[in-house]
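The values are calculated or read from the model by the stated rules, or taken from the named source; none is laboratory data. Predicted, not measured: the structure shown is a model, and the values here were computed from it. As a convention, Cβ positions derive from the backbone with ideal geometry for all residues, glycine included, and neighbour counts pool all protein chains shown.
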Amino acid sequence: MSREQKVRMYQSSRVVVIATVCLLVLPVFLSGCIGEEVDKTLETVDRAINRLEGESADWHTVLEDLKDDLPADVQSTIRHEVSDATTRAIAAAGAEFKCDEEFIREQVLSDLYRVRARLTGGTIPSREPRICHAVPNFIDAALVPDRDDHLSFMGYNLKTSGMKVLLQTGDTTFDVSAYLDHPSHYELTVNLGRNGVPLGPFARRFILMWNDEEIHSVGINPAPVPEPVRHTLRISGMVDVNDDDWGDDQHNTFSVDWSVTLTPEQPNAVYRDQWCVDEVRGEMEVSISLDASTGKVFGNGVTRTYEAESGSCGGNDLDETHTFNFELNPGYLTVYDEKLENAGDYADFDLTFQNIKG
């Protein structure tokens, strides 16, 4: 064996011995085996932190320099965290989010503090949600839901536990987190659509909470309180009742003037009345309802005449019947003119039904 071969064999054996020793004593001398790389990495991270602590520092340049300056053999976990910090900052600065440079610089600095804590074995700070702005930054309830159908909160670390949103109405707050969505770490949305958070006339603001602490709020300009929906149905006119008793007519004309106010809370009513002369009776019954969404008033009615063999006011002997219905838009009227007659006895109805708004 030549001298050169012996030297190479010796060198190879030495490498194997050193590697074996490192593996055997790794639990005791771990810091000695990797301490130099940790020191270099920590120095690089500290240099980036010091630059970012300067108010005029360009976070994008600092992060790119940090990635370039990291030692080649640095732990993959650290490289991943630095890369993640870069990705998060770029996303937050994107056209969709528009967080300002100062806000992003502070968040990048926070991410690098986490990297440093991992390197030194210190306590790693938790990722706290931060808001840079909301869209819209003030809600006009009159534009909801036709023009504004959601509220967005933009920022950092928003896809985390403990987030909820409250709606302040007057002096009371309601948890409306059921309408909260988390599209990404940089955005939270609140559904204001037709199946979203209902904004009443006293809604004041949305409050974003994290771990029961308020971190952001958005004011609400409440929609104008609509005028009460009130419609008056009026029945007016005359009813003429006649009893032809062997050619000796006995009749009377009765004036009718009745009205009822219908509202969404009380949309239904019933009108009943009767008029009689001797043994003949005329009778009317009308069921009325309001459709508050259109202001229409609907009615279904029946008129009857009764004629008794003897006694007064027709007793219970039904003679003639007529049914009718109507549908009235606001401000409209309809006329009911019907004569129920039998052998000279009659009840003649000449009435007007009016839908009066207000």
Report task. Restricting attention to segment 189-216, report how many residues are within 17 Å of residue 170 (Cβ to Cβ) and surrounded by fewer than 17 Cβ atoms within 10 Å (Cβ to Cβ). Result -> 5
Query raised in the report: Based on what the data block shows, is residue 100 of a type in the set (D, E, K, R) and surrounded by fewer than 13 Cβ atoms within 10 Å (Cβ to Cβ)?
Result: yes
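Here's the yes/no breakdown for (1) aromatic (Phe, Trp, Tyr); (2) at pLDDT below 95; (3) closer than 25 Å to residue 143 by Cβ; (4) in contact with a Leu (Cβ under 7 Å, 6 or more places away or on another chain):
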| position | (1), (2), (3), (4) |
| --- | --- |
| 172 | no, yes, yes, no |
| 176 | no, no, yes, yes |
| 187 | no, yes, yes, yes |
| 193 | no, yes, yes, no |
| 201 | no, yes, yes, no |
| 212 | no, yes, no, no |
| 225 | no, yes, yes, no |
| 242 | no, yes, no, no |
**Report entry** Looking only at segment 284-303, and only at residues there that are over 16 Å from residue 234 (Cβ atoms) and touching a residue at least 40 places away in the same chain (Cβ under 8 Å), the one that is surrounded by the most Cβ atoms within 10 Å (Cβ to Cβ)
**Finding:** 303
**Report entry** Filter result for the condition that a residue is of a type outside the set (Val, Ile, Thr), free of Cβ contacts under 8 Å to residues at least 40 places away in the same chain and over 22 Å from residue 99 (Cβ atoms), over 171, 149, 140
**Finding:** 171
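Checking the conditions here, which among 237, 196 is out of contact with any helix residue (DSSP H, G or I) (no Cβ under 7 Å at 6 or more places or on another chain), among the small types (Gly, Ala, Ser), closer than 30 Å to residue 263 by Cα and not assigned by TED's automatic domain parsing to the domain that holds residue 108?
Working: 196 fails: out of contact with any helix residue (DSSP H, G or I) (no Cβ under 7 Å at 6 or more places or on another chain).
Answer to the selection: 237.
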Query raised in the report: Is at least one residue of segment 102-119 touching a Phe, Trp or Tyr at 6+ places or on another chain (Cβ under 8 Å), under 30 Å from residue 41 (Cβ atoms) and in a strand (DSSP E or B)?
Result: no
Query raised in the report: Taking segment 183-200, which residues are among the charged types (D, E, K, R) and over 8 Å from the mean Cα position of the chain (by Cα)?
Result: 187
